[in-house]
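Input: a single structure, listed below in C-alpha cells.
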Amino acid sequence: MSDIADRVKKIVVEHLGVEEDKVTETASFIDDLGADSLDTVELVMAFEEEFGIEIPDDAAETIQTFGDAVKFIGQATAA
Amino acid sequence: MFDLTGKNALITGASGGIGGAVAAALHAAGASVTLSGTREAPLRELAASLGERAHVVTANLGDPAEVEALPKKAAEAMGSVDILVNNAGITRDNLFMRMSDEEWAQVLDVNLTSSFRLARGVLRGMMKARWGRIVSITSVVGTTGNPGQGNYAAAKAGLVGMSKSLASEVASRGITVNCVAPGFIETAMTDKLNDDQKARILTQIPAGRMGRADEIAAAVLYLASPEAGYVTGATLHVNGGMAMV
C-alpha cells in the first residue's frame, strides 16, 4: 500500500507541481492542489499507465482526493 | 518553409483530391503520413507515389467501431498521431422538404461525428506529448448555407463549434484545433459541372477562378506547423474572396 501511495504521490507532485507535504490523504486535487478539470483527466491517464489498470469514467469521477486515488488503485491492482 | 520532420499525421479522405494534396504537402514537409479512406487501391497508389513514411489504413467513417480503431492503427503504424486532418466528407444533397432522416444522419455521422470520435481518440497521445494539431476541413457553405445542403452545411458548421470548444480545453497543452474552409475547388466533384454552371459559379468568386487542392493543402500545412502554435479555434477561409467572413 505504501508503495502505491509513494508512486501516486510522485505522479501528483510531478504533474501538478506541488510540494510533497501538501499531498495528504484528504487533499483534494482540485480544491487543495490547484488542479483544473483537465489535470484530473491527465492524472487518471497517468495512474492508468503507471499501474497498468483501466479506470472507467464513472470511477474516475469518484477519485477526488489523493486518498481516493490510493484506495482505488490499491483495490484495482489487488483484484 | 514549414518543417514537420518527425511528426506523424493521420489524414482521412486521403483518396480524394483535397485529402491527397494535404497528404502530399505534409509528407513533403517531412511528416510521416497515414492515409485513410474507404477505397484501398487509390490510397495504395498515393502511398507508393509518396514513397517512404507513408502508410495506409482503410476505414469506413460511417462505422463507429472502425472510427474508434483508426487512431490506434495509425499510431501503431507511425508511433504516434501528432497531426489529425479531418478531411473525409460526403454529400447527400436534397431539398430540405425532401431530405430523409437517413440522408441527414449519414452526412452528420461521417462529416461531424466521426471527426469528434477521431479527435477524442488522438487526444491522449497529444496531451502526453504536450503537442498536437487537429485541422478539420469545413466548407464555405458551413458559413453561408447552400440550397440543397442543409445536412452538409449543418455538419460543417458543427465542426467549427466543436473545434472552438476543444481548442479552449486543450490550448494550455500545446494542442491547437482549427478549421480550413474551402470555397469552390477543382476536384472530381466540380469537374462534373458543365460550362454554364461553372460560369455562373465564377461570377460569385472575385478571384475569377476555382481554387486548387494544393491551395487548401498549403493552409492545412501552415496550421499543422510549429509556427502556427498561437493560432487556435480559428477558421482559415480559402475561397478566392467568395465569402469574406
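The values are calculated or read from the model by the stated rules, or taken from the named source; none is laboratory data. Nothing here was measured: the structure is a model prediction, and the numbers come from that model. FYI the Cβ positions are ideal-geometry reconstructions off the backbone, even for glycines, and counts take in every protein chain you see.
Things worth noting here:
- Qualifying residue in segment A:1-12 (condition: within 25 Å of B:S168 (Cα to Cα), away from chain B (no Cβ under 14 Å), part of a helix (DSSP H, G or I) and hydrophobic (A, V, I, L, M, F, W, C)): yes
- Residue-level analysis places B:D63 among those that are closer than 20 Å to B:A14 by Cβ, away from chain A (no Cβ under 14 Å) and not hydroxyl-bearing (S, T, Y).
- The set of residues from segment B:40-77 being in contact with a Ser or Thr (Cβ under 6 Å, 6 or more places away or on another chain), assigned to a loop (DSSP other than H, G, I, E, B) and over 18 Å from B:A24 (Cα atoms) comprises B:A59, B:N60, B:L61.
- Whichever residue in segment A:52-66 is buried (at least 17 other Cβ atoms within 10 Å of the Cβ) and in a helix (DSSP H, G or I) and, among such residues, is modelled with the highest pLDDT: A:F66
- Conditions (1) within 18 Å of the chain's Cα centre (by Cα); (2) surrounded by fewer than 17 Cβ atoms within 10 Å (Cβ to Cβ); (3) among the basic types (K, R); (4) away from chain A (no Cβ under 14 Å): number failed by B:R133: (2)
- Remark: pairs (first residue in segment A:27-40, at the interface with chain B (Cβ under 10 Å from one of its Cβ atoms); second residue at pLDDT below 95 and surrounded by 15 or more Cβ atoms within 10 Å (Cβ to Cβ); Cβ separation under 7 Å; 6+ apart in sequence or on different chains) = A:D39/A:H15.
- Of the candidates B:S172, B:S139, B:S114, B:S168, the single residue that is within 14 Å of another protein chain (Cβ to nearest Cβ), touching a helix residue (DSSP H, G or I) at 6+ places or on another chain (Cβ under 8 Å) and either farther than 22 Å from B:S36 by Cβ or not β-branched (V, I, T) (or both) is B:S172.
- Sole residue being in contact (Cβ under 8 Å) with a residue 24 or more places away in the chain and farther than 25 Å from B:M1 by Cα, chosen from B:P206, B:P226: B:P206
Residue by residue, here is whether (1) surrounded by fewer than 24 Cβ atoms within 10 Å (Cβ to Cβ); (2) farther than 26 Å from B:I185 by Cα holds:
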residue: B:A23; (1), (2): no, no
residue: B:A28; (1), (2): yes, no
residue: B:R39; (1), (2): yes, no
residue: B:A65; (1), (2): yes, yes
residue: B:A75; (1), (2): yes, yes
residue: B:S80; (1), (2): yes, yes
residue: B:V85; (1), (2): no, no
residue: B:W104; (1), (2): yes, no
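- So B:G233, is it assigned to a loop (DSSP other than H, G, I, E, B), of a type outside the set (A, V, I, L, M, F, W, C) and crowded, with 20+ Cβ neighbours inside 10 Å: no
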